[in-house]
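Since every read-out is calculated from the coordinates, none of them should be taken as a lab result. As the structure is a computational prediction, the values presented were derived from the model and not from experiment. Here the Cβ positions follow ideal geometry from the backbone for every residue, glycine too, while neighbour counts run over all protein chains shown.
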Amino acid sequence: MNISNNNYSNIFDLPNEILFIIIKKLNISDVIYSLVDVNERFGRLLFDPFYIQNLNITLKTMKPFCHRTFSIHEQVLSNICENILPNIHDQVKQLAIEEHSIERIFIYNYSQLYSLSLVNFKEEILCKYLTDYSVLRNLLIYQITHLHIDIQTDKIPKILSKISSNILILILSLCQRLIKLNFCQVFSYRNSFIPICKLPKTCFTYSTLIELKINVATFNDCLRLLDGRFDSLSKLTINVREIKYERKEINNETKLPKLKYFSLTSFDIIQNFDDYIIPLLRRMINLEELILFLTVVRVDSTVIDGIELYDQVLVHMSHLNKKNFNIQNSFIGREYGEVGSYVHLDPSTITGFKQSKGVVMSHVYSLPYQFESFLHLNSSFQDGMFVNVRCLTMTDSYPFEREFFKIISDSFPLVKNLTISNLKPQKNKQHSSTLISFPHLNLLNLVHAHDDYAQQFLVDTNTHLPCLLDLCITYESLEIVTNNFTNDATRLYCSKLKGLHMDKPFVRPKHFDEYFRLLFHLYSFELDHELYDDKCVMIDGCCPTDRETLWTSIGCETCTRRKKNTLEEKITDELIKQEKLLSSTISITPTDPLSHVFQKKAVTNSTNETTTAGSYMLKRLYGNTDLLSSNKTTTTTGQV
């Protein structure tokens, strides 16, 4: 390697192997746009088939924490479409695109494309493309085996509308070669959930789909996916919004011998563990790997521990992989090891059970800890290393002292979203010489926290928050800690905030705009839509549909009805069309490297299975849900 006299290496002196490692870590769109014409050597590297086969034409930009854009710059996009894609389109195997660039990118033929990621699409726009855009439809029908769907939301978390349910139906009906489907689990921060109104009785995907990742609204939605129609499904990763009693009972008894991997996550409190979860797990007789993240409440003073899980569930799973599923403490003497459990024993701190006695909340999760969320941590926490956790909630009826946050920052070094629910004032308020650092924290939620915690985090000499973008807090707490927006000790972090989430609308005081100089959006928890000064913005008496906002007004009924009627007509026509296609066989070319996956009997649609497509649309309607904020109650944790 040649090194100049000033001891600095030139990038052109690096070997191709090092350059290749570097460019693989960068956004491919930026790399291609910036380096393609530097010299012939860089051109050869960039057009290496191994590099360009995975083409991601999106660029994630975060303004407030939950307001992210994925569009690349217009000049960059134009250059890629006009000068790059004509040379590489027939070599691309994996492609990620967003809604504003889809038509410009799909003017070329991607003959080797098998994996497609549709990122940050609005429900209505994606549904329109699935029904009207022949290029996308043909790709889904004849080529795509791996599909990733990310739907744009205006709230986090959110139960998506029936349009998303219809999108799932359209995808299942269109795709004839689909092996892997990721629906709404592309980005964990979204927390968007789909209600499954109904599934088609027959479609090609039932016999081809091997792996499914999906977020669903209810436990019944989970059972609908596991009613036996996906007869090739071997891997299911599912996140359930709520698990509670439902009037309509769905089959939870049929065995699932093909299922080898099952991951069940729910942040909701489960009261029906014995009635719902245990019967479901017992159906998976050939399961090899099991991942659980559950919160269970019982009113009979009993806890969920390793012995119960073994006796009720694991004893029926003879094929369970002992290396990937272990049981801690409670499984002494058993073959399996490591399912962790920590328990809240204070019924007054559990929402909905304040007057009950013998209430126990158990958190059951698989180890080693691989989840991005850690819920209800309290002051009994000792230490540990949780490098995967990005979202942390802390709740307690005893105060969190300043020294405790040092333990938290060391144990959760990459946390981005922190919620503190504790109304007790700190006892030790003396200034510490130790600066506590949360170097990656983007969102801080103090809505249900005492003013002391705002003082702890917003004073820059107490805590180092270099990446803080959003703050959730009550107006009264913010007014106190900032001394009516004049306190210099809290000015640094407040001046960098992009999103401010308040509990109620207010008229901006004199120094407000100067104090929050970079504020991108101001939100209200109470109204759940964007605020400008003290009122909500409406345009011509109708909902603003094109403004880029995190919380938007819910929209007028006239707009909603007009859009819904048009979409339902198109979807109904499309489903009828796709049902007719099921009478034909699947055509496989001899040279297809994946043809062995599809050598199955064609699915036929007999007359006694004919259904009315329109009945899929009007089964039930789910409304919007509020932001998941911390409960006003707190909990006490003990280790088992």
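When each of the peptides 37-49, 410-422 is scored by how many other beta carbons lie within 10 Å of its residues on average, the order from highest to lowest is 410-422, 37-49. Net length available on complete extension from residue 398 to residue 461 is 20.2 nm, with 0.36 nm assigned per residue and the Cα-Cα distance removed. Length available on full extension from residue 315 to residue 414: 0.36 nm per residue minus the Cα-Cα distance, which gives 32.0 nm. Qualifying GluC sites (Glu not before Pro) in segment 171-280, where qualification requires a DSSP coil assignment and no more than 12 other C-beta atoms within 10 Å, comprise 249, 253. Counted by neighbouring Cβ atoms within 10 Å, the residues 60, 235 run from fewest to most as 60, 235.
The stretch between residue 18 and residue 247, if pulled fully straight at 0.36 nm per residue, gains 76.4 nm over its current Cα-Cα span. As a length-normalised measure over Cα pairs under 8 Å and 6 or more apart, the relative contact order of segment 372-536 settles at 15 percent.
The local environment of residue 244, defined by Cβ-Cβ distances under 15 Å, has a net charge of -3 under the rule Lys, Arg +1 and Asp, Glu -1. Checking every one of the GluC sites (Glu not before Pro) in segment 434-530 against DSSP loop status and a limit of 15 other Cβ atoms within 10 Å picks out 526.
Extending 7 Å from Cα along the Cβ direction at residue 476 and again at residue 44 yields two label points whose distance is 7.1 nm.
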